[in-house]
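The next block holds one structure in the form of structure tokens; read it before the comments.
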Amino acid sequence: MADEQTIKYDAPTVEQEIEVVSTYRLEDKAREVVPHGGFDYMSGASGEEFTLKQNNEAWKHKGILPRVLADVENPDTSTSILGHDIKVPFIMAPIAAHGLAHATKEAGTAKGIAEFGGTIMSISAYSGATFEEIEKDLNGNPRWFQIYMSKDDDMNRNILDEAKADGATAIILTADATLSGNREKDLLNKFVYPFGMPIVSRYLTGSGKNMSLNNIYAQSKQKICPEDVKFISEYSGLPVFVKGIQTPEDAALAIGAGAAGIWVSNHGGRQLDEAPGSFDTLEGIAEVVAGRVPIVFDSGIRRGEHIFKALASGADIVAVGRPVLYGLALGGWKGVKSVLDYFETDLKRVMQLAGTQTIEDVKQARLFDMKK
């Protein structure tokens, strides 16, 4: 671990609305204001970043067919999942350490989500803020909790108890991160977290501050199996999503173990490099799930077209990650809201041009195979 006295991290502090022409452009702007090590951690991926690139390229494998004479006006983006009525089919993905993007940490993200209204925040166990700090700004809006399990099940029970007491209505078991991917940028930067992680610090040797991701993962549980899904479900009494599903076989295994939802994701390309783009795996997984449980999709969502394609390929909702953090970096909570507003507006535009009035219409839309 690094000497605590040598760690200095000047996260952005500005709070302002931002213009979002494209979330791809936000990444370049965020690079200018976020400290180098923190930006590389947020934006980077494993190995040669092949899978990160595939997450973007995969969208081009299917096309949206414009539909006319469709009698569509003012598309309705509202939907529901696990008893939550939400105004848009996208939620906040669970991401660690929002404090790398902005001094307000997860509390800033929470306020942006609360001001946007009508969606769900996923809180990471690797949050740099406490449940109490997040709740103050989330202001009663719904939240799910993402757990990185301890090797000690009593500790897991304590964390689940705290998440339930905070109001979590679902648990997300991240199953694809039993150790850190080969994140070369972090290794070159000798990146360590500049602040602690209060939720998981109870099972770390140290608070999380000045620790590398490799070190933190090493102290978490590596052997994740179907019994863990059953344990979390039975102990918490909450629906459990298994996150990191990339094959039909694992989707079936998770449902058999009691999962109430499947979360298709390759961790934004941050774990196993040279895996396929997340979108390329979605349709096959959805065929096996066959509507038995809801599907959440993430990894590479940057446009309204991407949300549309994911829903038309079997997802029930999508989760947005990095673009929200870039918005946080550029404008604090106001920047978060600007990004969420952009996605809502962009999706409505796509729905109108594709002749779809409702989210159910989007789910029934036929995509064109661009590889023919």
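Values computed for the structure shown
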| item | result |
| --- | --- |
| Number of the condition not met by Asn156 [criteria: (1) in contact with a Gly (Cβ under 8 Å, 6 or more places away or on another chain); (2) of a type outside the set (Val, Ile, Thr); (3) part of a helix (DSSP H, G or I)] | (1) |
| Total residues in the stretch 292-337, condition more than 12 Å from the chain's Cα centre (by Cα), open to solvent by less than 20 Å² (accessible area, probe 1.4 Å) and not hydrophobic (A, V, I, L, M, F, W, C) | 8 |
| Test: Glu106 is among the acidic types (Asp, Glu), open to solvent by 10 Å² or more (accessible area, probe 1.4 Å) and at pLDDT 95 or above | no |
| Test: residue in the stretch 58-71 that is touching a strand residue (DSSP E or B) at 6+ places or on another chain (Cβ under 7 Å), surrounded by 15 or more Cβ atoms within 10 Å (Cβ to Cβ) and touching a residue at least 24 places away in the same chain (Cβ under 8 Å) | yes |
| Selection count where residues are in contact with a strand residue (DSSP E or B) (Cβ under 7 Å, 6 or more places away or on another chain) and either open to solvent by 10 Å² or more (accessible area, probe 1.4 Å) or modelled with pLDDT under 95 (or both), scope the stretch 264-291 | 3 |
| Top-ranked residue of the stretch 201-216 - restricted to ones that are closer than 19 Å to Asp40 by Cβ, assigned to a helix (DSSP H, G or I) and among the polar types (S, T, N, Q), ranked as least open to solvent (accessible area, probe 1.4 Å) | Asn215 |
| Some residue of the stretch 345-362 being under 17 Å from Lys243 (Cβ atoms) and open to solvent by 10 Å² or more (accessible area, probe 1.4 Å) | no |
| Tally of residues being farther than 17 Å from Glu184 by Cβ and in contact (Cβ under 8 Å) with a residue 60 or more places away in the chain across the stretch 267-296 | 7 |
| Of residues in the stretch 218-241 being within 18 Å of the chain's Cα centre (by Cα) and either open to solvent by less than 10 Å² (accessible area, probe 1.4 Å) or of a type in the set (D, E, K, R) (or both), the one farthest from Lys164 (Cα to Cα) | Phe241 |
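Yes/no matrix, rows are residues, columns are (1) closer than 24 Å to Ala275 by Cβ; (2) among the aliphatic types (A, V, I, L, M); (3) assigned to a helix (DSSP H, G or I); (4) open to solvent by 40 Å² or more (accessible area, probe 1.4 Å):
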position	(1), (2), (3), (4)
Gly128	no, no, no, no
Ile134	no, yes, yes, no
Thr169	no, no, no, yes
Ala177	yes, yes, no, no
Leu187	yes, yes, yes, yes
Ile199	no, yes, no, no
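The values are calculated or read from the model by the stated rules, or taken from the named source; none is laboratory data. Small disclaimer: the values here were computed from a predicted structure and weren't measured. Glycine also receives a Cβ, built like all others from the backbone with ideal geometry; neighbour counts cover every protein chain displayed. Ligands, DNA and RNA are excluded from the accessible area calculation, which covers all protein heavy atoms including side chains. Shrake-Rupley method; radii C 1.70, N 1.55, O 1.52, S 1.80 Å.
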